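This report refers to the structure that appears directly beneath it.
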Amino acid sequence: MRGGVRDGIRHGIEHGVDGIRRAAGRIDAATPAGRDRAVDALRAFAILGVVLGHWLVTALVADGGALHTASPLQHMPWLAPISWAFQTLAVFFLVGGHVATRGYTSARARGTTYGQWLTSRLARLFKPVAVVLILWTVAATALLLTGAQFETVRTLVKLALSPMWFLLVFSALTAATPLLLRLHPLWPLAVVLHVDIVRFGLGGPDRLGWVNLAAGWLVPYTLGAAWTRGDLEGRRAGWLLFGGGAVVTTVLVGWAGYPASMVGVPGASVSNLNPPTLAAVTFGLAQCGLALLLRDRLRSGMRRPAAWAAVALVNLSAMTIFLWHQTALMATTATGLAAGRLPGLHTVPDGPGWVAARLAWLPVFVLALAVCWSAFRAFEQGPRRVGGRPSRVIRVHRRTEPTAVKEARRA
């Protein structure tokens, strides 16, 4: 009997693996031969990097009946390299600038108006956003009415909606794409440099730093436009950006007093990210250079059907993953409170023990995010397929419109 069960399990696993392989093969076969799969891979890695980074450096500490945010970077500054690996927004803006400028150029050649192009790009961004706003408005109201402390509700809402700033900046740059087609990245980089000189060197007001919220992310976005123009095709450009960005960032952190962490740390006097500083921008240049250097390897790796299918699925769910990953963390934290203060989930992130415990919680966060994805992905991808219709992954790749336009719509 045991042998029969074991054989049945093995048969089920093999059948499941074969099914996955067949599905991956169909997605691979449906992808146009001229599609640059490295673009999709970079976007997927950038989104997943942000998600993992937030899960690793964001702690919700239970203190009596309240929850407040904390960061392991507060107590263990030696963990700063984690922020170097997972603060990948510059790569996302690089890819976004490349896809947007390429898509707009193609749309203009086909006679599509600017309004039509912009509406199609922003619709997929803001439909999922509306769902998040509605759900958290209802949730926050319910929590307050049931007696939850205001500071706890404020902490949760702030954490859930924190990704919105990124979408606002990204949307503004997308809307300005026609003006940015030929803008050289050195111009916004010069703005960031002068803002920091005035702010840190000449004692200017801190609020001046918010100029860099646009200028700082303009740098990788316009690098994406340069990629579209063909200015970054050679490996020399990648090495220059990677080496130059890394050296300048090292100098700024080591000798100019910039924080080593590339994300905000509670209680720190200066944040490299909020708003972006020169160190964050030069670090982003190094990341963009590395991304450009990895393009050929990614193109080769994405020829494997399983790898490509995974990347395609992440891209189709990019907004859902990005918008709901903090909610997944908070749902896990709130559910775990029923069992008391759990290490790595509700405790102060002040030692290696917390780090080990937090790593153990990552699979649970993934499961919670999978539940959110299942519940809300339709707002990004459209309703589930019925009957014998092919999946959205395959249908997207079978469209007859130009590859650049398809990429732009899926960005």
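May I ask you to give the solvent-accessible area per residue for the chain, in square angstrom, as obtained with a 1.4 angstrom probe?
47
Can you grab the distance from the C-alpha centre of segment 159-187 to the C-alpha centre of segment 324-387, Å, no decimals?
Centre-to-centre (Cα) distance: 28 Å.
What is the P(r) of the chain, as percent of Cα-Cα pairs per 10 Å bin from 0?
P(r) over the chain, rounded to whole percents: 4, 20, 29, 27, 15, 4, 1, 0.
Under a 5 Å amide H to amide H cut-off, with H placed in plane at 1.01 Å, what residues pair with residue 67 once short-range neighbours are removed?
HN-HN under 5 Å from residue 67: 152.
Mind running the shape call on segment 200-253? Use the C-alpha gyration tensor, a ≥ b ≥ c as the square roots of the eigenvalues: rounded below 1.5 for a/c, prolate if a/b tops b/c, oblate otherwise.
Note, shape of segment 200-253 comes out oblate.
Apply the a/c threshold of 1.5 to the C-alpha gyration tensor of segment 207-345 and tell me whether it is rounded, prolate or oblate.
oblate
Between residue 179 and residue 110, what is the spin-label point distance in nm, taking each point 7 Å from the Cα along the Cα→C-beta axis?
Taking the simple label geometry, residue 179 and residue 110 are separated by 2.6 nm.
For a protection proxy built on the mean count of beta-carbon atoms within 10 angstrom, sort 360-373, 270-283 highest first, please.
So the peptides 360-373, 270-283, ranked by packing, come out 270-283, 360-373.
Based on the inverse mean of 1/r over its pairs of different Cα atoms, what is the Kirkwood hydrodynamic radius of segment 179-273, in Å?
About 14.8 Å, per the Kirkwood formula over Cα pairs.
Please work out how much length the chain gains when fully extended from residue 274 to residue 255, using 0.36 nm per residue of separation minus the C-alpha to C-alpha distance, in nm with one decimal.
Between residue 274 and residue 255, full extension yields 4.7 nm more.
Per DSSP H run of n ≥ 4, the term is -39500 (n - 2.57); total these for the chain, divide by its residue number, and report the mean residue ellipticity at 222 nm rounded to 500 deg cm²/dmol. Don't jump to the answer; show the numbers that get you there.
Working: 20 runs with 290 residues, N = 411.
Computed ellipticity for the chain at 222 nm equals -23000 deg cm²/dmol.
Between 115, 340, 147, find the one with the highest GNM mean-square fluctuation for the chain; connect C-alpha pairs within less than 10 Å.
Sorting by GNM fluctuation, first place goes to 147.
Where in the chain lies the longest segment free of trypsin sites (Lys or Arg not before Pro) that are both loop residues by DSSP (not H, G, I, E, B) and have at most 14 other Cβ atoms within 10 Å?
Longest run free of exposed loop sites: 183-302.
Could you work out how much longer the chain between residue 240 and residue 186 gets when fully extended? Use 0.36 nm per residue separation minus the Cα distance between them, nm to one decimal. Don't skip to the end; give the middle numbers.
Details: separation 54, 0.36 × 54 = 19.44 nm, distance 1.37 nm.
Between residue 240 and residue 186, full extension yields 18.1 nm more.
How many nm separate the modelled label positions at residue 133 and residue 366, each set 7 Å beyond the Cα in the direction of the Cβ?
Taking the simple label geometry, residue 133 and residue 366 are separated by 3.3 nm.
Which order do 104, 221 take when ranked by solvent-accessible area (1.4 Å probe, heavy atoms of all protein chains), largest first?
Correct descending sequence by accessible area is 104, 221.
Rg to Rh ratio, segment 110-259, alpha-carbon atoms and Kirkwood radius?
Checking Rg against Rh, the ratio lands at 1.07.
Between rounded, prolate and oblate, where does segment 70-164 land on the alpha carbon gyration tensor, with a ≥ b ≥ c its root eigenvalues, rounded for a/c under 1.5, else prolate if a/b exceeds b/c?
Oblate.
What does the charge add up to near residue 24, with Lys and Arg as +1, Asp and Glu as -1, over the other residues with Cβ less than 13 Å from its Cβ?
Net local charge, residue 24 excluded: +3.
The values are calculated or read from the model by the stated rules, or taken from the named source; none is laboratory data. Bear in mind the structure is a predicted one, so any value in this text is a computation, not a measurement. In this analysis, Cβ positions are derived from the backbone assuming ideal geometry, glycine residues included, and neighbour counts consider all displayed protein chains. Calculation scope for accessible area: heavy atoms of the full protein, side chains included, ligands and nucleic acids excluded. Shrake-Rupley method; radii C 1.70, N 1.55, O 1.52, S 1.80 Å.
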